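Asker: Shown below is the structure under consideration.
Just so it is clear, none of the values below were taken in a lab; they were calculated from the coordinates. Treat the numbers as computed from the prediction; the structure is a model and nothing was measured. Heads up, the Cβs are rebuilt from the backbone with ideal geometry, glycines too, and the neighbour counts pull from every protein chain shown.
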Amino acid sequence: MSTELGDLYQEVILDHNRRPRNFGDLPAAARRAEGHNPLCGDRVTVSVVLEGDILKDVRFQGSGCAISKASASMMTESLKGRSRTEAEDLFQAFHRLLTEDGASADPNVLGKLVVFSGVREFPVRVKCATLAWHTLRAALENARDIATTE
Amino acid sequence: MTVARPAARTAKTAPFEVRRIREDFPILNQKVFGKPLVYLDNAATSQKPRAVIDAIVGFYEHDNANIHRGLHALSERATAAYESARGRLRRFVNAAQDREIVFVRGTTEAINLVAQTYGRAHVGAGDEVLITALEHHSNIVPWQILCGEKGARLRVVPIDDRGDLVLDELESLLTPKTRIVSVAHVSNALGTINPVRRIVEAAHARGIPVLVDGAQAAPHLPIDVRDLDCDFYTLSGHKMFGPTGIGILYGKEHHLEGMPPYQGGGDMIASVTFEKTEYNRLPYKFEAGTPHIAGVIGLGAAVDYLSGLDAGGRMAHEEDLLAYATDKVGGLPRVRIVGTAREKTSVLSFVMDGVHPHDIGTILDREGVAIRAGHHCAQPLMERLGVDATARASLALYNTREDIDALAAGLRRVLEVFR
């Protein structure tokens with residue numbers, strides 16, 4: 001396997017693809033949004049329970065490629081217990097990791113999410129990796145519209 | 001005159017030999033990520049032979065001028081080349097007359113044209129338009145728009161699990177309210193060859209006209225609109241080794257005569273005053289504005305190219321290739337072929353247990369193998385088949401058994417990554 005492919009499909013990502021964490025729905029009181037990647041038809045629903053400013057619980061449901069499923073799964077793990085501002089900052093850092101050459105892959109900032117650094121070599125897959133994050137943002141904003149990667 | 005000429009039809013065609021064919025397609029001779037390119041995304045768009053590329057370059061280098069305004073030599077040459085291409089397209093689909101061939105941007109525009117002209121004139125509130133469950137979005141949405149506007153109902157012939165139309169249902173779906181039937185000749189997502197001749201017969205028995213979407217058929221099957229007796233037939237140049245942005249609408253003369261124009265503008269008129277416009281005769285009534293002249297000439301060259309090949313040998317080669325690919329890919333663990341219709345051509349759609357088609361596409365790409373992954377602009381079909389998406393390898397006359405071997409090797413790599 002080429003180095004780039006090995007970097008993309010790291011074992012952690014394959015593991016989250018096989019056994020997604022926090023997969024499911026949250027009680028009706030949760031904020032919820034649906035995300036859609038029209039390019040490939042991937043759909044994800046992210047629900048989040050806020051306690052004050054803190055993301056108390058985050059879950060996702062849906063279907064998609066390994067990158068989008070693993071990204072959603074690892075996003076839910078990374079965000080539990082964080083504040084909304086911290087969540088937004090993490091998304092920004094994550095987005096830079098995926099799109100900017102030489103972006104910081106500091107595990108102190110990104111934690112396990114650094115495994116997605118390989119996506120940078122596959123520009124068409126950036127949307128897969130960010131779908132759940134865009135959807136989370138929509139859920140937090142209580143946006144009624146379906147979040148989309150387009 | 002240096003414009004592309006029709007290939008000499010009297011010349012004896014050489015037996016089909018894929019090695020020689022590949023030399024006609026310059027793009028195939030390249031590496032992608034260090035691996036020889038294996039292009040298996042032909043149902044999305046096909047590659048272009050040197051003859052087509054040369055015809056377009058030759059037109060721009062020697063003959064470029066606007067057409068039907070023939071006051072000077074270049075315009076006369078451009079007009080002659082444009083109209084000669086129309087004649088070749090007419091022969092390609094075996095239409096009776098050149099004026100039944102309308103140049104359009106492609107199949108999508110052709111279907112929109114019919115929906116917005118014939119459709120608007122003939123479909124009213126409570127009427128029905130009949131399509132099938134395996135249509136491309138371009139043969140769904142234009143009819144939906146029409147039905148929405150008119151208060152008409154879009155009805156759908158179902159398919160079975162193999163991807164064959166359920167013809168018994170067709171009979172009961174053809175009702176006194178049906179105003180038009182629109183059906184793909186070949187499914188872009190599954191490769192099913194629909195029994196369009198039988199569908200036309202059944203519809204005509206009730207006086208209902210039929211449009212056949214030939215986008216996926218044109219590069220693979222002989223087309224004979226008079227044998228099919230269809231009322232409209234559409235094709236896209238880029239899927240049959242011609243340029244993008246050009247295609248044709250074939251329509252029976254009496255339909256085209258009766259239809260209002262689609263777009264207004266130059267070239268589609270006979271005379272204009274501010275009070276009244278007399279429309280031009282067929283087919284110019286439907287060709288408003290300066291058309292894609294170079295595209296038409298390129299498409300004419302593509303038709304010449306195809307017509308110059310040994311058709312029987314070519315079809316036998318494609319048939320062999322699909323059978324070989326079906327065995328090779330279908331024999332891999334965790335792989336299921338989607339679409340196993342009795343009559344198929346050129347398309348191998350499949351899913352792999354535990355691997356999303358997009359991941360298959362990414363890994364194959366790094367092996368130099370280009371396929372399509374997704375819903376193939378046929379979301380209702382994907383829903384019917386109970387899949388979110390499929391991976392699709394689609395074949396053309398220049399593909400080889402080695403291409404299929406590379407595909408299978410790439411898929412084994414996918415299985416290794418996603419153990």
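Asker: If you take every residue apart from B:Ala152 with its C-beta less than 15 Å away from the C-beta of B:Ala152, what net charge results, scoring Lys and Arg +1 and Asp and Glu -1?
Answerer: +3
Asker: Sticking with this structure for a sec: Compute the distribution of all C-alpha to C-alpha distances in the range B:13-116, in bins of 5 Å from 0, and list the percent of pairs in each, rounded to whole numbers.
Answerer: Taking all Cα pairs of the range B:13-116, the binned fractions are 2, 9, 11, 16, 18, 17, 14, 8, 4, 1, 0 percent.
Asker: Please report the base-10 log of the normalised intensity I(q)/I(0) for the range A:3-148, using a Debye sum with one equal scatterer per alpha carbon and no solvent, at each q in 0.10, 0.12, 0.21 (1/Å).
Answerer: With no solvent term, the Cα-only Debye profile gives -0.29, -0.43, -1.37.
Asker: Give the lysines reachable from B:Lys328 as a straight Cα distance under 24 Å; neighbours fewer than 8 places away on the same chain don't count.
Answerer: Correct list for B:Lys328: B:Lys31, B:Lys35, B:Lys344.
Asker: Dividing the alpha-carbon Rg of the range B:59-307 by 2.2 N^0.38 Å yields what?
Answerer: So the Cα radius of gyration is 1.02 times the expected 2.2 N^0.38 Å.
Asker: Beyond 35 Å, what percent of the Cα pairs of the protein assembly as shown remain?
Answerer: That fraction is 46 percent.
Asker: Counting every Cα pair in chain B, what percent are over 28 Å apart?
Answerer: Here the tail beyond 28 Å accounts for 50 percent of pairs.
Asker: If each of B:Glu416 and A:His95 carries a label point 7 Å out from its Cα toward its Cβ, how far apart are those two points in nm?
Answerer: Modelled inter-label distance: 3.7 nm.
Asker: What FRET efficiency, computed as 1/(1 + (r/R0)^6) with R0 = 22 Å and r the Cβ-Cβ distance, is obtained for A:Asp15 and A:Lys80, rounded to the nearest 0.05?
Answerer: Computed FRET efficiency for A:Asp15 and A:Lys80 comes out at 0.75.
Asker: Also, I was wondering about something else. In Å, what is the Rg of the alpha-carbon atoms in the range B:44-190, and how long is Dmax?
Answerer: When restricted to Cα atoms, the range B:44-190 yields Rg and Dmax of 19.9, 60 Å.
Asker: Using all alpha carbons of the range B:348-419, what is the percent of pairwise distances in each 10 Å bin, ordered from the shortest bin to the longest?
Answerer: Cα pair-distance distribution for the range B:348-419, in percent: 20, 51, 26, 3.
Asker: Across peptide B:352-364, how many C-beta atoms of other chains are within 10 Å of each residue C-beta, on average?
Answerer: Per residue, the average neighbour count from other chains is 5.
Asker: Now for a separate question. Give me the number: length gained by fully extending B:Leu71 to B:Ala323, i.e. 0.36 nm times residue separation minus the C-alpha to C-alpha distance, one decimal in nm.
Answerer: Contour length minus the Cα-Cα distance gives 85.2 nm.
Asker: Measure off 7 Å from each Cα along the Cα-to-Cβ vector at B:Arg153 and B:Thr13, then give the distance between these two points in nanometres to one decimal.
Answerer: Each label point lies 7 Å from its Cα, and together they span 4.6 nm.
Asker: Then there is this: How many partner chain Cβ atoms sit within 10 Å of a residue's Cβ in peptide A:63-70, on average, as a whole number?
Answerer: Rounded to a whole number, the mean comes out at 5.
Asker: Would you calculate a helix-derived [θ] at 222 nm for chain B, using -39,500 (n - 2.57) for each DSSP H run of n ≥ 4 and dividing by the full residue count, to the nearest 500?
Answerer: -10500 deg cm²/dmol
Asker: Using only Cα atoms, locate the centre of the range B:201-279 and the centre of the range A:1-42, then give the distance between them in Å, rounded to an integer.
Answerer: Measuring centre to centre over Cα atoms gives 45 Å.
Asker: Report, in deg cm²/dmol and to the nearest 500, the calculated mean residue ellipticity at 222 nm for chain A, where each DSSP H run with n ≥ 4 adds -39500 (n - 2.57) and the sum is divided by the residue count.
Answerer: The per-residue figure over chain A is -12500 deg cm²/dmol.
Asker: Expressed in whole Å with the largest first, what are the equivalent ellipsoid semi-axes of the range B:240-302 derived from the C-alpha gyration tensor as the square root of 5 times each eigenvalue?
Answerer: So the equivalent ellipsoid measures 25, 15, 8 Å along its semi-axes.
Asker: Which lysines, on any chain, are close to B:Lys252 with Cα under 19 Å apart, when same-chain ones fewer than 8 places away are left out?
Answerer: Of all the lysines, those that pass the test against B:Lys252 - Cα under 19 Å, at least 8 places apart if same chain - are B:Lys285.
Asker: To make sure I understand the rule: partners must be lysines, Cα under 16 Å from the Cα of B:Lys48, and not fewer than 8 residues away in the same chain. Which ones qualify?
Answerer: Result set, ordered by chain and number: B:Lys239.
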